[in-house]
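The values are calculated or read from the model by the stated rules, or taken from the named source; none is laboratory data. This structure is a prediction, so every number in the text was calculated from the model and none was measured. Note that each Cβ is placed from the backbone with ideal geometry, even for glycine, and that neighbours are counted across all protein chains shown. These accessible areas exclude ligands, DNA and RNA; they are computed on the full protein's heavy atoms, side chains included. Shrake-Rupley method; radii C 1.70, N 1.55, O 1.52, S 1.80 Å.
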Amino acid sequence: MISEENTVERYEVVVAGAGPVGLSTALFLADRGVRVLVVDKRDPLDGPPRASTTVRTLELFRAIGLGPTLDRVGWDGPLPMRSMVKDSAVGAVLHRAAPPPGYVERLDACSPVDSRRAMTQYELQRIALTELRRRGGQVRFGAELVEFAVDAEAVRARVTDVGTGREYQVVSSYLVGADGARGRVRELLGVDMPDRQVDARLNTAFFRADLRSLMPESATHACFIRNEQVYCTLFAKGANGDRWSSHIMDYPGKPAELTQLSSEQTLRLLHAAVGDDTVPIDLIECNAWEAAIGLASALRRDRVFLVGDAAHVQSSAGGAGHEHRHPGRAQPRLETRRRATWTSR
């Protein structure tokens, strides 16, 4: 229950969640002079970048004067829809795919942003965080929104300091739930996601390795690896070719249920993808997750809005603003796929 407390803070908008969507929402509000507070129980800059940007994301940031910053921080990655399948990073090319020439011409002309321009979620969030604060927005990490109540005039939220346990009340005209697919705001609203369907279950590994010289194609193509031991991606997460992610989609004996790979299993599969066991790999982390598709039954109730994964989930192949560059829908099992004919997607 929300009670009247001595410590009450007032804002026009409170955003719960400091991921790319939450910080971007707050930044665009602050740019228009709205008094906004972002709360998140975690620091979003801890951990590896899980997503990359698209042209539309960069267009929106450019629209509020951040073009020079994006040019300084970003790099040129693969052209959209240009992909390659190899049997390993050091191995043979099995298949190449590219969009029609007319599509490429339209990409070159449809936006002031180069369609190859890229940056990771990490760089985008750093920019958003810096610019949000510069525009007067408030950000509080280690602060968890645990409860809220809505009336005709305001949203009254109870926030807990994770480190000290101190509680305080925040009053705002509106609340934005940007706290993810399992976020607290949608749960408290009583909004469900009735049609959620799991598209694939996979592990994503984030690691450091010197692979650019072994796989220069990563600068021009989205790279997929398919061999007898693993079916996965190898995506460069920067211009230097020393930071990588890999969506590990299939391997012999993979369970049907969501299963967390051990560090040993992950390194074995990554070396199978590289094709050379002697290449040093510094594994940062590996996460098991479900690529799901679903839409919340409501995107707004009274003064509370849902955005990002709190509002909808999708395979990251369909991401329009922030995406993982995931290859798409669930694939046949590795054992049966070896005999299948590979087709362009």
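Can you say whether Arg268 is basic (Lys, Arg) and surrounded by fewer than 19 Cβ atoms within 10 Å (Cβ to Cβ), as far as the supplied structure shows? Working first, answer last.
Working: basic (Lys, Arg): yes; surrounded by fewer than 19 Cβ atoms within 10 Å (Cβ to Cβ): yes.
Against the criterion (basic (Lys, Arg) and surrounded by fewer than 19 Cβ atoms within 10 Å (Cβ to Cβ)), Arg268 qualifies.
Only one of the listed residues (Val146, Val198, Val155, Val171) is surrounded by 15 or more Cβ atoms within 10 Å (Cβ to Cβ) and under 25 Å from Ser297 (Cβ atoms). That residue is Val155. For the stretch 67-78, indicate whether the set of residues that are of a type in the set (D, E, K, R) and either open to solvent by less than 20 Å² (accessible area, probe 1.4 Å) or not in a helix (DSSP H, G or I) (or both) is non-empty. Looking for residues that are of a type in the set (D, E, K, R) and either open to solvent by less than 20 Å² (accessible area, probe 1.4 Å) or not in a helix (DSSP H, G or I) (or both), one finds at least one in the stretch 67-78, hence yes. Residue-level check: of (1) part of a loop (DSSP other than H, G, I, E, B); (2) modelled with pLDDT of 95 or more, Arg186 misses just (1). Write out, first by first residue and then by second, each pair whose Cβ atoms fall under 6 Å of each other, whose residues are 6+ apart or on separate chains, and whose first residue, in the stretch 182-198, is under 22 Å from Lys41 (Cα atoms) while the second is part of a helix (DSSP H, G or I). Between residues of the stretch 182-198 that are under 22 Å from Lys41 (Cα atoms) and residues that are part of a helix (DSSP H, G or I), the close pairs are Gly183/Ala310; Arg186/Ala310. Restricting the search to the stretch 116-135, which residues are in contact with a Gly (Cβ under 8 Å, 6 or more places away or on another chain), part of a loop (DSSP other than H, G, I, E, B) and open to solvent by 30 Å² or more (accessible area, probe 1.4 Å)? Result: Arg116, single match. The single condition among (1) modelled with pLDDT of 95 or more; (2) open to solvent by less than 50 Å² (accessible area, probe 1.4 Å) that Ser297 does not meet is (2). Quick one: in the stretch 282-294, of everything that is under 15 Å from Leu202 (Cα atoms) and among the hydrophobic types (A, V, I, L, M, F, W, C), which residue is surrounded by the most Cβ atoms within 10 Å (Cβ to Cβ)? So the residue we want is Ala291. When each of Val279, Val274 is tested for being β-branched (Val, Ile, Thr), at pLDDT 95 or above and touching a helix residue (DSSP H, G or I) at 6+ places or on another chain (Cβ under 9 Å), the lone residue that passes is Val279. Checking every residue in the stretch 12-20 against the condition of being closer than 23 Å to Glu123 by Cβ, touching a helix residue (DSSP H, G or I) at 6+ places or on another chain (Cβ under 7 Å) and at pLDDT below 95 gives at least one match. Among the conditions (1) touching a Gly at 6+ places or on another chain (Cβ under 8 Å); (2) among the acidic types (Asp, Glu); (3) farther than 30 Å from Met81 by Cβ, the only one that Asp195 does not satisfy is (3). Within the stretch 224-236, restricting attention to residues that are open to solvent by 10 Å² or more (accessible area, probe 1.4 Å) and farther than 15 Å from Asp276 by Cα, which residue is farthest from the chain's Cα centre (by Cα)? Among those that are open to solvent by 10 Å² or more (accessible area, probe 1.4 Å) and farther than 15 Å from Asp276 by Cα, it is Phe224.
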